[in-house]
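First up is the structure itself, then whatever we jot down about it.
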Amino acid sequence: MCCDLKRRFLLLYATQKGQAKAIAEEIWQQAGAHGLEADMHCISEMDKYNLETEKDPVVIVISTTGTGDPPDAARKFVKKIQDTTLPPDHFAHLQYGLLGLGDSEYTFFCNGGKTVDRRLQELGAQHFYNTGLADDCVGLELVVDPWIDGLWLALKEAFLLQKEKEGMSSDTVSSSLSAAPHVGHELNLSSEVQNLKLEDERVRSSDVLTQKLVDIHLVASTRDTEPSLVHSVPPVSQSALSIPALPPEYIEVQFQDTHGENPHLSSLISEGTTFEVPVTKAVQLTREDAIKTALLLELDIADTVFDYQPGDAFCVICPNNVNEVEELLHILGLSEKGEYFVCIKVKEGTKKKGAAHPQHIPERSTLKFILTWCLEIRAIPKKAFLRALVECTSDAGEKRRLQELCSRQGASDYTRFVRDSNVCLLDLLHAFPSCKPSLNLLIEHLPKLQARSYSVSSSNLYQPGKLCFVFNIVEFPACPARPISRKGVCTGWLAELVAPLLHPNKNTLDTKGGSSSTEKISIFARPNNNFHLPADPSVPFVMVGPGTGISPFIGFLQHRQKLREEHTDWEFGETWLVFGCRHQDRDYLFKQLRCFLENGTLTHLKVCFSRDSSTAEVAPPKYVQDVIRLYAKEIARVLLKERGYFYVCGDKKHMADGVSDAVVDILSMEMEADKLEAMKILAMLREAKRYLQDVWS
């Protein structure tokens, strides 16, 4: 009994969109094959564990959300451990390993995990295993898989050390651990597989199945010498495959009657109060021949208590595309069942740890409602989902290819043909027509349909009772893995919704005289605690926002103009706006910015157009980072001498990094310091919340 207890470890996860939970479940599942027991809990369930008294090793899997915040589920935990009255040896007894998830497209990469890791160290906790930081930009599995592989040996050593500390012989626990079945590099589990049929039930909780090649001809024709979503080439096509264990099923679905009403959309949201508001204006800001189509929508919030500040964001509850839902129902053979109410129950006797009714699916709703409003049918399928789809596929060649895509040997194929190609479930079902998944499998593996976040592009002071926002209609062009083009889930829906409203007069900030609309959308607040105007109006600031990145700065300037009108005795600092787009005559979103310049709200307006040709002797700057470099002395003065603020909004990969590099160069040049010192200064500005970003990938 004692040895059994000592083989326990505490497994905590903090997730925003389900990835951290899925990885924790994978660890929990693999633990059994190593003779270990993972006591798994969401980090928010603080009544079910106690780190203050925890003696066993602790494993934490935590994601990052927003601009570097811990996920919502971890907020109470983080607040608790950040209590400044805690002594430096508060967690001196604690041994832990942490896996952080993040996206290097964003400035504060894995900051949720780093925050917890740093604070636990400050409170005396010790690593029994090195921290892992997985990057969703290149593929979480590149770090997650090897991190999990190494976890088991680290845990074994932690248990042995624990025994030694307790003054007990380590032989007992060592022998018991050695007797446990091991996988990965400690167990060469080989399985003869006939017709590519993997019989997971015969393999005890194994995380890896080493599949010997079956003599099946997937030989390419002369034209199939390149790999694709449905076709592989050597060495993958000739490799023995290490594939994930089959995730246990845990959902049962029963169809009921067709009588009743679906729940209100507000029941789908736990983040705050939902408001259903009319769209009163829609303006196309770009010309028809622009590469991207940008729309400005105005919402009427006068009859609500919805409040916001310029710089805040808010979320739109959006549905999946109706045609895609119908197509999915057709492929699943459930077209006749769309209006039937569905009863979802946890499967009796399931082996899934913590199996529960999915919180994002209401207790009583129709199948069509679930597929339309609850499940992200456009989600890029995770490898665990592909593994489950293998069992639903009858064609041997298709089965093998799905196995390759979820295997370690096929990791680069997965990245190239699934992840980077934005392939979704519908694409897979078209590509692998013999794959016929059950409805319960979709409910188990498709994540929650997330509300989409947008920056506010107005000021409640300037336009009382109105909320404006700007967005590009996202386009996913056709590619070999996806033969049809698609629009973004939310932007495509909004564009279709407001099509009758689109104003013929483009490029205008004037929202008077538009036609009214009965179309309504559901929104809820997503306040941004940092991306706001300086509290002191005399402080100068610089705004950098190419394309739709200008959106929050329109609200800044509107607010500033109103403050200047109402407080003529106040001192106002200088303001800079740097805007860029491709073509001056096609996608200069707000030409009326000059009005802010003329009335003194805006001190400096600098614009650039990256695709316009120039006959000038000295070529004008193409990008916003080029403009910033032209005004190096002024930017340095604002930041260093006048302690001003610097705001950046827009695309992370192609713009925000370039802007921060330009600022580093400016600081280095103006301070006559090396680049490393300039980077430290920029880090200090970030820490002081004077260099602020609102960026997306």
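The values are calculated or read from the model by the stated rules, or taken from the named source; none is laboratory data. The structure presented is a predicted model; accordingly, all values stated were derived computationally and were not measured. So basically every Cβ, Gly included, is an ideal-geometry build from the backbone, and we count neighbours across all protein chains shown. When the accessible area is computed, the model is the full protein with side chains, heavy atoms only, and any ligands, DNA or RNA have been set aside. Shrake-Rupley method; radii C 1.70, N 1.55, O 1.52, S 1.80 Å.
A few comments on the model shown:
- The set of residues in segment 535-559 being assigned to a helix (DSSP H, G or I), within 23 Å of PHE609 (Cβ to Cβ) and open to solvent by 10 Å² or more (accessible area, probe 1.4 Å) consists of GLY547, THR548.
- The lone exception for LYS76 - which of (1) under 21 Å from GLU687 (Cα atoms); (2) open to solvent by 40 Å² or more (accessible area, probe 1.4 Å); (3) part of a helix (DSSP H, G or I) it fails: (1)
- Filtered residues of segment 590-603 (kept if open to solvent by 50 Å² or more (accessible area, probe 1.4 Å) and closer than 28 Å to LEU682 by Cβ): THR603
- Hits in segment 5-24 (condition: open to solvent by less than 50 Å² (accessible area, probe 1.4 Å) and either at positive phi or over 19 Å from the mean Cα position of the chain (by Cα) (or both)): LYS6, ARG7, ARG8, PHE9, LEU10, LEU11, LEU12, GLY18
- Restricting segment 616-660 to residues that are of a type in the set (A, V, I, L, M) and touching a Leu at 6+ places or on another chain (Cβ under 8 Å), the residue that is surrounded by the most Cβ atoms within 10 Å (Cβ to Cβ): VAL648
- THR286 vs. criteria surrounded by 14 or more Cβ atoms within 10 Å (Cβ to Cβ) and in contact (Cβ under 8 Å) with a residue 40 or more places away in the chain: yes
- Of the residues screened, ASN507 is not one that is under 27 Å from the mean Cα position of the chain (by Cα) and either of a type outside the set (Asp, Glu) or modelled with pLDDT under 95 (or both).
- For the condition modelled with pLDDT of 95 or more, open to solvent by less than 50 Å² (accessible area, probe 1.4 Å), over 25 Å from the mean Cα position of the chain (by Cα) and β-branched (Val, Ile, Thr), VAL58 qualifies.
- Inter-residue pairs, beta-carbon under 6 Å, first over 14 Å from PRO71 (Cβ atoms) and in segment 102-131, second open to solvent by 40 Å² or more (accessible area, probe 1.4 Å) and among the basic types (Lys, Arg), 6+ apart: GLU105/LYS653
- Any hit, segment 385-393, residues being under 20 Å from GLU226 (Cβ atoms) and either free of Cβ contacts under 8 Å to residues at least 40 places away in the same chain or open to solvent by 10 Å² or more (accessible area, probe 1.4 Å) (or both): no
- Here VAL316 meets each of (1) outside any helix (DSSP H, G or I); (2) at pLDDT 95 or above; (3) open to solvent by 60 Å² or more (accessible area, probe 1.4 Å) with one exception, condition (3).
- Residue within segment 661-669 that is open to solvent by 10 Å² or more (accessible area, probe 1.4 Å) and within 19 Å of SER610 (Cβ to Cβ) present: yes
- When residues of segment 573-583 are limited to those that are outside any strand (DSSP E or B) and not small (Gly, Ala, Ser), the one nearest to the chain's Cα centre (by Cα): ARG582
- Segment 118-158 - residue that is in contact with a Leu (Cβ under 7 Å, 6 or more places away or on another chain) and aromatic (Phe, Trp, Tyr) and, of those, surrounded by the most Cβ atoms within 10 Å (Cβ to Cβ): TRP147
- Subset tally (residues that are open to solvent by 20 Å² or more (accessible area, probe 1.4 Å), assigned to a loop (DSSP other than H, G, I, E, B) and touching a residue at least 12 places away in the same chain (Cβ under 8 Å)) for segment 37-53: 4
- Counting only helices (runs of 4 or more DSSP H) wholly contained in segment 592-697, the ones carrying 3 or more residues that are at pLDDT below 95 occupy 593-598, 657-671, 675-687.
- Here segment 472-485 is the region considered, the condition is being assigned to a strand (DSSP E or B) and under 20 Å from THR415 (Cβ atoms), and the residue that is modelled with the highest pLDDT is PHE476.
- Within segment 573-584, the set of residues being open to solvent by 10 Å² or more (accessible area, probe 1.4 Å) and modelled with pLDDT of 95 or more comprises GLY573, GLU574.
- When segment 335-360 is filtered for residues that are open to solvent by 30 Å² or more (accessible area, probe 1.4 Å), of a type outside the set (Gly, Ala, Ser) and in a loop (DSSP other than H, G, I, E, B), the ones remaining, listed by number, are GLU339, TYR340, LYS347, GLU348, THR350, LYS351, LYS352, LYS353, HIS357, GLN359, HIS360.
- GLN403 fulfils the conditions (1) in contact with a Leu (Cβ under 9 Å, 6 or more places away or on another chain); (2) open to solvent by 40 Å² or more (accessible area, probe 1.4 Å); (3) more than 27 Å from GLY354 (Cβ to Cβ) except for a single criterion, (2).
- Any chance GLU252 is part of a strand (DSSP E or B), of a type outside the set (Gly, Ala, Ser) and either within 27 Å of the chain's Cα centre (by Cα) or surrounded by fewer than 18 Cβ atoms within 10 Å (Cβ to Cβ) (or both): yes
- Close contacts from segment 71-93, counting a first residue that is closer than 24 Å to ASP56 by Cβ and modelled with pLDDT of 95 or more and a second that is of a type in the set (Phe, Trp, Tyr) and in a loop (DSSP other than H, G, I, E, B), with Cβ to Cβ under 9 Å and a gap of 6+ residues or different chains, come to ILE81/PHE91.
- If you go through segment 434-469 and keep only what is open to solvent by 10 Å² or more (accessible area, probe 1.4 Å) and assigned to a strand (DSSP E or B), you end up with LYS448, ARG452, SER453, TYR454, SER455, LYS466.
- Against the numbered list (1) in a loop (DSSP other than H, G, I, E, B); (2) at pLDDT 95 or above; (3) more than 21 Å from TYR691 (Cβ to Cβ); (4) open to solvent by less than 40 Å² (accessible area, probe 1.4 Å), TRP570 comes up short only at (4).
- Boolean, PRO310 is surrounded by 20 or more Cβ atoms within 10 Å (Cβ to Cβ) and touching a Pro at 6+ places or on another chain (Cβ under 9 Å): yes
- Selection from segment 79-103 of residues that are assigned to a loop (DSSP other than H, G, I, E, B) and open to solvent by less than 70 Å² (accessible area, probe 1.4 Å): ASP83, LEU86, PRO87, HIS90, PHE91, ALA92, LEU94, ASP103
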